[in-house]
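The values are calculated or read from the model by the stated rules, or taken from the named source; none is laboratory data. This structure is a prediction, so every number in the text was calculated from the model and none was measured. Here the Cβ is made from the backbone with ideal geometry for all residues, glycine too, and neighbour counts use every protein chain on show.
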Amino acid sequence: MKTIISDGLAQLGLDANPQAAEQLSQYGQMLLEKNQVMNLTAIREPDQVARLHMLDCAALAGMADFAGKTLLDVGTGAGFPGLPLKILVPSLELTLLDSLNKRLDWLEEVAAALCLEGVRTVHARAEEQALVKGFRDSFDFATARAVADLRVLCELCLPYVRPGGTFLAMKSTSSDQELADAAHAIQLLGGRVREVRDYTIPGTDVVHRVVLIQKVAPTLKGYPRRWAKIQKAPL
């Protein structure tokens, strides 16, 4: 796993710290071990974990300057993409938000095992925590790797980003219509699409996409709405 990751980071053109590949590999091993007792990923082969999780997330490190910035990973799950970004950019201040406490407990174990500082976990629902002072319009970056419609992701994530910051949504390359449908939501929530970047995961033929949405104005009061409303009537 370590060799695959190390080679992949080089292919991505990332000048990572020397121990990054080792830490990402250790993280992957911990993921596979924990996955035997907790449903964290459907990917169960070490080489696939290396490529489809670690290198997929690592690709984001070359798309923005994360050094010394704050990032909120919304619905972090098994820690993707937040934790790989933290490993690659140690000065990044990372907040992992998830609605399932036992996942966050495990992520705290991983951060401790990898000696990562500047990582905090928040157990909350995304649409509720966005209303809390110190979270709303506060982060340099927000990320989401969840399988959800972009309109929904924008309403859950953009409220956290400060004006001038960026929301990075990880999507498939077949998301053109989804992106078009989300135009109204993005504008309403104070965002503007800055760039859409497709990338190939090293060692695979898999092409993924990141939609970079810049926050240009504070999110209007009243958003995000309650979860039932978000689901029933996407913006």
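Observations, loosely collected:
- Residue match in the range 104-118 (condition: buried (at least 20 other Cβ atoms within 10 Å of the Cβ) and either among the charged types (D, E, K, R) or part of a loop (DSSP other than H, G, I, E, B) (or both)): no
- Taking the range 189-208 as the range and being in a strand (DSSP E or B) and touching a Leu at 6+ places or on another chain (Cβ under 9 Å) as the test, the residues that pass are 191, 193, 194, 195, 196, 197, 199.
- One residue stands out among those in the range 3-57 that are of a type in the set (Lys, Arg) and in contact (Cβ under 8 Å) with a residue 24 or more places away in the chain: the one that is surrounded by the most Cβ atoms within 10 Å (Cβ to Cβ), which is 51.
- Residue within the range 214-224 that is within 18 Å of residue 81 (Cα to Cα) and part of a strand (DSSP E or B) present: no
- The range 155-211: number of residues that are loosely packed, with under 15 Cβ neighbours inside 10 Å, touching a residue at least 24 places away in the same chain (Cβ under 8 Å) and of a type in the set (A, V, I, L, M): 1
- Only residues that are touching a residue at least 60 places away in the same chain (Cβ under 8 Å) and over 16 Å from the mean Cα position of the chain (by Cα) were counted across the range 99-108, and they come to 2.
- Pairing each residue of the range 136-147 that is touching a residue at least 40 places away in the same chain (Cβ under 8 Å) with any residue that is part of a strand (DSSP E or B) and basic (Lys, Arg), provided the two are 6+ apart or on different chains, yields C-beta distances under 7 Å for 137/162; 138/162; 139/162; 140/162.
- Of the residues making up the range 197-216, one or more are in contact with a Pro (Cβ under 7 Å, 6 or more places away or on another chain) and at pLDDT 95 or above.
- Filtered residues of the range 127-155 (kept if hydrophobic (A, V, I, L, M, F, W, C), part of a helix (DSSP H, G or I) and over 18 Å from residue 217 (Cβ atoms)): 150, 152, 153
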